[in-house]
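Working notes, structure below.
The values are calculated or read from the model by the stated rules, or taken from the named source; none is laboratory data. Since we're looking at a predicted model, the values are computed, not measured. Cβ placement follows ideal geometry from the backbone for every residue including glycine, while neighbour counts extend to all protein chains displayed. Just so you know, the surface numbers come from the protein's heavy atoms only, side chains and all, with ligands and any DNA or RNA stripped out. Shrake-Rupley method; radii C 1.70, N 1.55, O 1.52, S 1.80 Å.
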Amino acid sequence: MLASFQFLTPLTAAAAGAFFLALLIGFGILRSLGGPPAAVARRWGLIGLRAAASATLLLILLNPSDVSYTPGPIDRPDVFYLLDASQSMALGDSETRFDHAIRLMREADGATQQEGHAPVKLFRFGHRLAAVESAGVLRPGNVNTSDNPAQTIINRLPVLTSAAQASETPSAAAASLSGKSKVKQPPLAPTDSDTQLLTALRQVSSRFGRQPPAGIVLFSDGRARDESGVEALAAQFAKLKVPVHVVPVGDTARGGDVAIVACVVPPRARRFAEVEVQVFLRSYGYAGRRCEVSLTAPETKDGDPEKALAAPVPVTLHDGFQSVGLSFRTDTKTNKLRVSVSTLPNEVSTANNSFNAEVQIDRTKIRILYVEGSSQPLQTVLRDNIREVRGPYSDLYQALIEDEDIECVVLHSQFGRGRLSRVTDPGRPAAVRGFPETVAELSAFDAIILSDIGSEAFTEQQLEWIDKWIGQRGGGLLMVGGRRSFAAGDWEDTPVAAMLPITMRADNDWLPGTQVSVHAEPTAMSHPLWSIVADDRLNREIVDKFPSFFGANRWAGLKPNLTRVLAVSNLTAGDAVVASPSVPVATSPATVDATEPAIVVGKYGRGRTMAMAMPITSPWANEFLFKWGGNDTKYYGKFWRNTVYWLTESSSIGRRRLVVTADKKFYRPGETITLSAAAFDEATNQTGAYKITSMIEPKTSLSSLESNYSSIRWPDGKPRDSGESGPFIAWGEEFDLPRVDSATGKPAFSLELPIADAMTGGSASQSLRVELTAMEEFTQVDSTSVDIQILHDPFEQQNPFPNHELLATIARHSGGQVIRDATQLADVLREVPMTMGAPVVKKSPLWSTWWLWYWLLGLMSVEWIWRRFVGLA
């Protein structure tokens, strides 16, 4: 604004001269007619007062004024920024493509911040066009930035404006601005799995307003699905005189890219369970090259270093999608996992070479039913000045319950073939309830250990229960050696013989006077049974010193399928049979068999089984009980806990009354999910009397989803009572699993759920969960869930190389520029033409002030009072 002092008299010079001339003539005429003034009137004071009043009147007539001049407003058209927010923009090493675009914006804004430049309106595009608050991007202020510049989620950037908010009513917008409506929005980040560039350029024209912008600046790597038609659309912008400037980002001189795009991991697993991890790779430009996929546990907050969970798996790459399987064994803590693929030379980005996942540890109590038939007498021992009674079962019992997640119930038969009594106190057998009285009670356990117990101790019904419990319900079965084990205990014609991984002899197979040296199979050292300590070298030394036994059962052979030998024995028999080898007698040995299987594991139906040829009680197993590792029995305890955890890996379903499975671990778009369910009544008989209701829930919060519908289609021909009419199942919409007749003739439930042909989410995988509930009329019997992983190969990620030629074509046909740095971008903002509006002139006459009129009135009042004082009229 400019200010000045001016005389703005309404009279011209000629008019003012004529006015003064008229005054002089009139004064002369009046003077000639009235004669000379009286002497008293010729006082100089009065003349001065009259002269001052006349001068003041003359000043008012000249109209002195204070004039302010405000230039007219500068009208600059907007410049639209279009920022590519697709997943390919997350590629890069020290700086991602997305970071590069944001940095150029900020540098250009900083260079022109003190100058008048065109206002910027920012939009992001990918699946759709959306407005973004530009001030937060260009001038972020003091915000916390990520330590990793290649971080995909850029938390320092502003939030998106959703399509719903962009079209909200004025009243809703006003409420939002006033703070009455606050909606938390996701951060701006390169997450869209598709780039619809042509669609975004078409939609941006609807945002022009009363006049089109001076230009559009497109920040992108040029990787888009809809390339055809771009030239014609760019020509239309040229006709509108709206040039499209392009800022190509991304390095075109790279060799290719290999990335981990998804990882399928069970959400929960038991301790010391073997967990399978399915890793999905995408590579481009490295076909035929080899790399390694590794699985590690990252460094913890407690300072535990990163450790390998599995041996690296070599992979030969091919362009596109491929999967790799790894497995690891859980430990005692929640497992945070990191899957990594080795870096190849000259990759587009190494930030996508790792993937983090997590497995929660299921701490449900493992219940073991331990049946011991040893006839060794009870002993009273003094421990910590306390007398306690110890039985032949006490050592194994104590070893198991040292783990707080294991519960052990001991059944004892004094002579191995009589009545089973439950041991209520670890050292005191009592004639209370013995073997579980119902199959439901038996199913409450996870595994059974049979030690030196004959088949006569069980009824035929109880043996049928065991068969059903192991095969159908997933329980674990272990039989160890002894004078009443295997064929020596008449087990060869029972259901237990069919379950074990070995084939029994037809005659007595017990060798009581045999010294058995047991050696782990070298190829079986990876089995969890032999994981005694964490250090591999020390662990091998400990296993190599596995103790000897003085007695064993010999088997006829192994089952042909689903079996694995974990240990073999070198059996030697003395000239004399030692019935009670508390002090074994060394005699000249004779070799019986150098490669006799000693520990064999296998599967039976859903369950796991194990056979151990050696006995586990004193005196046959004294070295095993008391000497393995010196006086420290921790190796003994760890061996048994490993055994129990392996046996019970599949037993968690045994306690459930609703068991649901999916036909695959992961699916692709267009495939069909087949859900199969089995329900059990209180007696664990499979039944079809229940109603199985289900619903689909996302694994993420509903507020973060783009749609209210899942990617699962409503099954054809199935009635729909929810009121929904779309082709897809809504999140939380209930539907029933129909009853079917299974191949076994037992009642079951099954349903096929087709998956959409294409995913609309922003990632290469979508995780969802099917929640199922078994209802008996209005009573909930049981509920469970099945995790579903859907994987697809988005076009956006199939080729990591930028397409700068497409961007140059857009600039050429629209009359725009190819901008390489922030200086060029700043010049584009500066060179936007501007128009000046009409200036604003404000005039303030000085005569309109109060003090001037008080001055004139005062002069006239003093002159009048003076005249009256001196006697003038």
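The single condition among (1) within 22 Å of the chain's Cα centre (by Cα); (2) open to solvent by 10 Å² or more (accessible area, probe 1.4 Å); (3) touching a residue at least 60 places away in the same chain (Cβ under 8 Å); (4) more than 30 Å from V409 (Cα to Cα) that I361 does not meet is (4). Restricting S750, S783, S722 to residues that are among the polar types (S, T, N, Q) and part of a loop (DSSP other than H, G, I, E, B) narrows the list to S722.
Tally up the residues in segment 493-511 that are in contact (Cβ under 8 Å) with a residue 12 or more places away in the chain, outside any helix (DSSP H, G or I), open to solvent by 30 Å² or more (accessible area, probe 1.4 Å) and not β-branched (V, I, T), please. Qualifying residue count for the region: 6.
Among the numbered conditions (1) open to solvent by 60 Å² or more (accessible area, probe 1.4 Å); (2) touching a strand residue (DSSP E or B) at 6+ places or on another chain (Cβ under 8 Å); (3) modelled with pLDDT under 80, the only one that K842 does not meet is (3). Taken together, V275, V249, V293 contain a single residue that is at pLDDT 90 or above and out of contact with any Asp or Glu (no Cβ under 9 Å at 6 or more places or on another chain), which is V293. Would you confirm whether any residue within segment 231-245 is more than 19 Å from P312 (Cα to Cα), open to solvent by less than 20 Å² (accessible area, probe 1.4 Å), touching a residue at least 40 places away in the same chain (Cβ under 8 Å) and touching a His at 6+ places or on another chain (Cβ under 6 Å)? Checked segment 231-245: at least one residue is more than 19 Å from P312 (Cα to Cα), open to solvent by less than 20 Å² (accessible area, probe 1.4 Å), touching a residue at least 40 places away in the same chain (Cβ under 8 Å) and touching a His at 6+ places or on another chain (Cβ under 6 Å). The single condition among (1) in contact (Cβ under 8 Å) with a residue 40 or more places away in the chain; (2) outside any strand (DSSP E or B) that F355 does not meet is (2).
If you go through segment 427-442 and keep only what is modelled with pLDDT of 85 or more and assigned to a helix (DSSP H, G or I), you end up with E441, L442. Based on this model, can you work out whether M525 counts as under 47 Å from the mean Cα position of the chain (by Cα), open to solvent by 10 Å² or more (accessible area, probe 1.4 Å), within 21 Å of G602 (Cα to Cα) and among the hydrophobic types (A, V, I, L, M, F, W, C)? In short, yes.
Tally time: how many residues in segment 328-354 are open to solvent by less than 50 Å² (accessible area, probe 1.4 Å), β-branched (V, I, T) and under 22 Å from R97 (Cα atoms)? So the count comes out to 2. Filtering segment 478-492 for residues that are farther than 25 Å from S651 by Cβ, polar (S, T, N, Q) and not in a helix (DSSP H, G or I) leaves an empty set. Restricted to segment 191-204, and to residues there that are in a helix (DSSP H, G or I) and closer than 19 Å to T809 by Cα, the residue that is most open to solvent (accessible area, probe 1.4 Å) is R202.
Selection within segment 60-69: residues that are of a type in the set (A, V, I, L, M) and not in a strand (DSSP E or B). The member of this set that is least open to solvent (accessible area, probe 1.4 Å) is I60.
Of the residues making up segment 70-120, those that are assigned to a loop (DSSP other than H, G, I, E, B) and either over 21 Å from E133 (Cα atoms) or open to solvent by 10 Å² or more (accessible area, probe 1.4 Å) (or both) number 18.
The sole residue among V828, V786 that is in contact with an Asp or Glu (Cβ under 9 Å, 6 or more places away or on another chain), farther than 22 Å from T191 by Cα and among the β-branched types (V, I, T) is V786. Please state which one of G256, G250 is touching a His at 6+ places or on another chain (Cβ under 9 Å), under 25 Å from R97 (Cβ atoms), surrounded by 20 or more Cβ atoms within 10 Å (Cβ to Cβ) and in contact (Cβ under 8 Å) with a residue 12 or more places away in the chain. So the residue among G256, G250 that is touching a His at 6+ places or on another chain (Cβ under 9 Å), under 25 Å from R97 (Cβ atoms), surrounded by 20 or more Cβ atoms within 10 Å (Cβ to Cβ) and in contact (Cβ under 8 Å) with a residue 12 or more places away in the chain is G250.
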